[in-house]
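These notes concern the structure reproduced below.
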Amino acid sequence: MKSFLKKISVLLLAAALLSGCGSRNSAQTAEDFIEENEEQADDIITVGFSQLGAESDWRSANTDSMMSAFTEDSGYNLIYKNGQQKQANQITAIRTFIQQEVDYIVLAPATESGWDTVLSEAREAGIPVILVDRRVNASDKNLFSCWVGSDFELEGRKVAAWIKAFTEAKDIAPEELHIVNIQGNLGSSAQIGRTRGLANAARENGWDLMAEVSGDFTETKGRETMAALLKRFDNVNVVYCENDNMAIGAIDALESAGKTVGSNIAKGEVMVVSFDGVNEKALEYAREGKISCIAECNPLHGPRVRALIEALRSGESPQKFNYVDEKLFSSLNDVSGVMIDGMEYNVENP
Ligand code: GYE
């Protein structure tokens, strides 16, 4: 941090050292002390991290990963701000980071739109912005340095391809699939990509996609949304949940309504599929067959963001968009892998 405050604190320390010591030698020592500490202060890199919230286990794992990658021991001062799911809070956080003259801003944006003004302010202040997890649809791609995260539409396509392969293996006709989608926060990259992955597959395969309703990526909202959907439809047999926390809530609502959760659609079970693979309870549900398939979404971006910052610091130009490789989990043996755009994705045990 180039901050004035840091210099003041070095001077105060030096003054404390000098007080009571009149000799020439100790004055020289104090000068050395100022110099050394100024150098050290300049070596510390200050990163302002605007996290969007704390809605899910994925998010907590992501925050932890950032905290452990940017420690003082590794030469960083991380300023963390939780946006509580509100873009306005995130914009305020970024403006504060600009005032604090941080060296880098890392933004995990709640939604894709509405970032142009504040990102222009960061650019005018000469502070590089790295996006993590979700994206922004900025009018000018130079408003951010680079991004690291998941291909959310690919995740959705993988789950849809798994549903197709599994139901074909069980001789279930496409029009017999009555699907509801419990979506994430509307307008977020994770929601947009996962919703698109399912909607396109439903259209192509002739599945009955009955409703798309947001459950805000939380367990509570997943439970409420599922309960409301069961009041609207009596024939739901596939629940596509855009994260594991909502799947846990939805399973609770299904079981409370007397439904059996599982993959035997022909026998009246309701199949639940989901995303993340971070939450231990969801993985346990996948092992038990209560969740039929989970597309992994990897939250451990801390070291990846740090590597990007280190590349920028040493004058390199990292790739603009950096995708993470992810798996597909299912404990059902009927599908060993799915093929998308010529790429094979193996199904692994959760
Ligand atoms: O899947 C969900 C979280 O943006 C990838 O946000 C992230 C999603 C993640 O709340 O659990």
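Some notes on this structure:
- Of the residues making up the range 291-300, those that are touching a helix residue (DSSP H, G or I) at 6+ places or on another chain (Cβ under 6 Å) and more than 13 Å from the ligand (Cβ to nearest atom) are Ile291, Cys293.
- Residues satisfying the stated conditions in the range 174-194, i.e. within 16 Å of the ligand (Cβ to nearest atom) and either open to solvent by less than 40 Å² (accessible area, probe 1.4 Å) or under 14 Å from Val159 (Cα atoms) (or both): Asn181, Ile182, Gln183, Gly184, Asn185, Gly187, Ser188, Ser189, Ala190, Gln191, Gly193, Arg194
- Pairs where the first residue, in the range 53-64, is at pLDDT 95 or above and the second is open to solvent by 20 Å² or more (accessible area, probe 1.4 Å) and aromatic (Phe, Trp, Tyr), C-beta under 9 Å, 6+ apart: Thr63/Tyr80
- Filtered by the rule that a residue be under 22 Å from the mean Cα position of the chain (by Cα) and of a type in the set (Gly, Ala, Ser), the range 263-294 gives Ser274, Gly277, Ala282, Ala286.
- Scanning the range 203-223 for residues that are crowded, with 21+ Cβ neighbours inside 10 Å and away from the ligand (no atom under 14 Å from the Cβ) turns up Trp207, Arg223.
- Only one of Ala266, Ala199 that is away from the ligand (no atom under 16 Å from the Cβ) and free of Cβ contacts under 8 Å to residues at least 24 places away in the same chain: Ala199
- In the range 313-337, the residues that are open to solvent by less than 100 Å² (accessible area, probe 1.4 Å), free of Cβ contacts under 8 Å to residues at least 24 places away in the same chain and within 29 Å of Leu283 (Cβ to Cβ): Ser336, Gly337
The values are calculated or read from the model by the stated rules, or taken from the named source; none is laboratory data. Being a predicted model, the structure only gives us computed values, none of them experimental. So basically every Cβ, Gly included, is an ideal-geometry build from the backbone, and we count neighbours across all protein chains shown. Heads up: the accessible areas ignore ligands, DNA and RNA and are worked out on the full protein's heavy atoms, side chains in. Shrake-Rupley method; radii C 1.70, N 1.55, O 1.52, S 1.80 Å.
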